[in-house]
Amino acid sequence: MRFVMPLSLLACLLALLVLRGLATNEVFHDTRIATSVDKDTVPQNLLNGGPVIDARGDRKANPVSYRIPDKTVVLSFDDGPSPEWTPKILDVLKAHDIRADFFVTGAMTTRNPDLIRQIVAGGHEIGLHTFTHPDLVYQSHARISWELAQTQLALAGVAGVHSSLFRPPYSSEATALDDWNYPVIQFVGGHGYLTAFIDRDTDDWKRPGVDAIVKAAMPAKPGEGELVLLHDAGGDRAETVAALEQIIVKLQAEGYRFTTISDALGATPAMVPVHGFQLWAGKGFIWATQFSVHTLPVLVGLLALVGFLNFGRFALMIVLAPVHARRSKRQDAWGPPVTEPVTVLVPAYNELECIANTLNSLAASDYPIEVIVIDDGSTDGTADIVEEMDLPFVRLIRKVNGGKPSALNAGIAAASYDIVVMMDGDTVFEPSTVRELVQPFADPRIGAVAGNAKVGNRDSLIGAWQHIEYVLGHNLDRRMYDVLNVIPTIPGAVGAFRKEALRQVGGMSDDTLAEDTDITIGVLCAGWRVVYAERARAWTEAPASLQQLWSQRYRWSYGSMQAMWKHRRAVVSRGPAGRFGRIGLPMVVLFGVVAPLLAPLVDLFLLYGVLFTDAPITLASWGGFIALQGLLSWYAFRLDREKPWHLISLPLQQVVYRQLMYIVLLQSTITALTGGRLRWQKLRRTGEVAVPVEA
């Protein structure tokens, strides 16, 4: 169930994009135009007959055609309605009290509903010109049916009418019927449509000039009835509007009357009202389409925001990470070497599989330490293992289960030294980790130091994805935040604090589920510097299944939001707190919440582009983004002295892993907004992580 809401949201957004694409002719747009000269299957009476063909019902096998009566002209307009030209054409027709036929596309109908209603109110007749204006010769029966049905749905929703009049796109005189498009006429006739071709094609879409359009509209023989083709959309129709006035005046002077196709043939009206389900389905379709059209600019704006945030983050990393790397290479970057002993705190709750590896790694440390294991009410014998190991530098504190913050506070109170190192009970240190971690404390302004957490179980696909995330998304970020002095999180796996800084902020708090973020922000706001020690490496066991990963990241995301909300007043504070509130907090919100939450828009537009628009360009753009991400990841791996072969899974990570993180973040956001509470969830460990030999 946890995936239902996020995936439903993405599906709805994709549906909105498709609806908008239909309304703008981006989706299913087919520009092919058929050319054929064979007429072997076309009945001769149609080739020599009138422009209106009836292949309905019993006439499907033997269609009949009808001519426009003498001294009668039907003006017909294709491809509209257009918000620029259709109103001008309607004004001319109204001035002369003339009714005409408008063959509209479904796409233009959904975009211009008021014009359709204006056409109907003016007594004009509406016919179907398909939804997306393809040449139906190339389309399947299913596609033709869809084109007609969707256009009818649009007409029902906009004006509450159904039309049985149809004109194929790219059609002309009935004499042009051939073996390719004749079956189309039979098919639509079988669905109850009367097909209207033309007698006179003005070619106004070519913009030949007003005089040429007027001349082309005149009857071939004096007094002969005519069905004339003009266009009210599809380009600049200024010549059409100007020519229309002259056409009407000239033909009226010759005694012609103007009417609609149905009226000219003495037939029942082609348009009939619709009721019930069809009416409300049409209204729903139009509402959804209109909503999608107006929503797209918002989605595009959000997509632009995602791009700006991602590229802005990339730029900051590229500029600031080398600054941190150069500073880290200096042996005297912080001052004289720190050699005083420190206390290492290991809060442990049911770490049966890992605690021995953790303590053995500390036993190999090349720096003087005391270790305090705080057993937080374990039920699996973790404390017994610690006692059995009987390491001389290890003290064990047993306490009733109270959560990680309370365990750490108990350890801080018992610590013998002024610098306290914190690590998780499922983590192992390299021999040099503690030494590298405490060197920045040579600078008295330093209140806390973040170490370099590494994924130990990286051989599986999910482990490799987390490995990439740790190197790029955590450690490279910390380099950037370090230079800006706004590091928001000391990782629980490897970090160090001055006891004075901890006392100043009241110790570890259980106000949030992200106590490491909470305490780090508190230390920053108290005026201490927080830095990143890249060579202080710790190896941790990352979640080995999607279920465990979900649980961990859900807690991280929700806890981080709690911490950000807790320290929200820093935005308006003075001094160091204000600096973090106006620089660090917005960056954490934008890069850590907003950008990941909107990131699926990239994949949504990718899917839309591949399926419905220009697949090569879309894939090339996405490939460029992945290439940029790959280059940045390679640089991060190089800085971290990691072998880059794991980056082979980066494209798949961007598609699958990022979506999982989006769902986690969205679920956390919903929990936060609804005021829900999330309980701490213990992850199952295997104890397989040890310090790599090559390290």
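Values quoted throughout were computed directly from the atomic coordinates according to the rules given, and no laboratory measurement underlies them. In this text the structure is predicted, and so the values were computed from the model without any measurement. Using ideal geometry, Cβ is built from the backbone for each residue, glycine included, and neighbour counts are taken over all protein chains shown.
Here are the numbers:
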| quantity | calculated |
| --- | --- |
| Compactness relative to 2.2 N^0.38 Å, alpha carbon Rg of region 468-612 | 1.15 |
| Using θ = phi - 60° and Karplus 6.51 cos²θ - 1.76 cosθ + 1.60, couplings along region 339-355 (whole Hz; Gly, Pro as x) | 10, 5, x, 10, 9, 10, 9, 10, x, 9, 9, 6, 9, 3, 6, 10, 4 |
| Cβ-Cβ FRET estimate between Ala281 and Trp634, R0 fixed at 60 Å, reported to 0.05 | 0.70 |
| Residue (of Val486, Phe311, Phe637) at the positive-pole extreme of the chain, dipole from beta-carbon charges | Val486 |
| Loop trypsin sites (Lys or Arg not before Pro), region 364-473 (other Cβ atoms within 10 Å of the site Cβ: 15 or fewer; DSSP) | Arg445 |
| In Å, descending, principal axis extents of the Cα set of region 105-263 | 45, 39, 30 |
| Placed amide H near Asp232: partners under 5 Å, 5+ positions off or other chain | Asp78, Gly80 |
| Amide proton proximity set for Val161, modelled H, under 5 Å, gap of 5+ | Ala156, Val274 |
| Contour minus Cα-Cα distance for Arg257 and Arg117 (0.36 nm per residue) | 47.9 nm |
| Equivalent ellipsoid, the chain (semi-axes from 5 times Cα gyration tensor eigenvalues, Å) | 76, 23, 21 |
| When each of Lys71/Lys215; Lys329/Lys643; Lys60/Lys221; Lys39/Lys71; Lys88/Lys206 is checked by Cα-Cα distance, pairs over 22 Å | Lys60/Lys221; Lys39/Lys71 |
| Positive-pole candidate from Gly522, His129, Val386, dipole of the chain, charges at beta carbon | Gly522 |
| Sparse-neighbourhood loop sites, trypsin sites (Lys or Arg not before Pro) in region 562-621 - DSSP loop, at most 12 other Cβ within 10 angstrom | Arg574 |
| ³J(HN,Hα) computed for each position of region 381-391 - Karplus, 6.51 cos²θ - 1.76 cosθ + 1.60, integer Hz, glycine/proline x | x, 4, 5, 5, 5, 4, 5, 5, 5, 6, 7 |
| Helical mean residue ellipticity (222 nm; -39500 (n - 2.57) per DSSP H run of 4+; nearest 500) of the chain | -14000 deg cm²/dmol |
| Percent of beta bridges antiparallel (DSSP, the chain, rounded to nearest 5) | 30 percent |
| Residue-wise HN-Hα coupling along region 580-591, computed from phi with Karplus coefficients 6.51, -1.76, 1.60 (Hz; x: Gly, Pro) | 5, x, 9, 10, x, 4, x, 5, 5, 5, 5, 7 |
| With eigenvalues of the C-alpha gyration tensor scaled by 5 and rooted, region 116-195, Å | 23, 14, 10 |
| Cα gyration tensor shape of region 293-373, rounded if a/c is under 1.5, else prolate or oblate by comparing a/b with b/c | oblate |
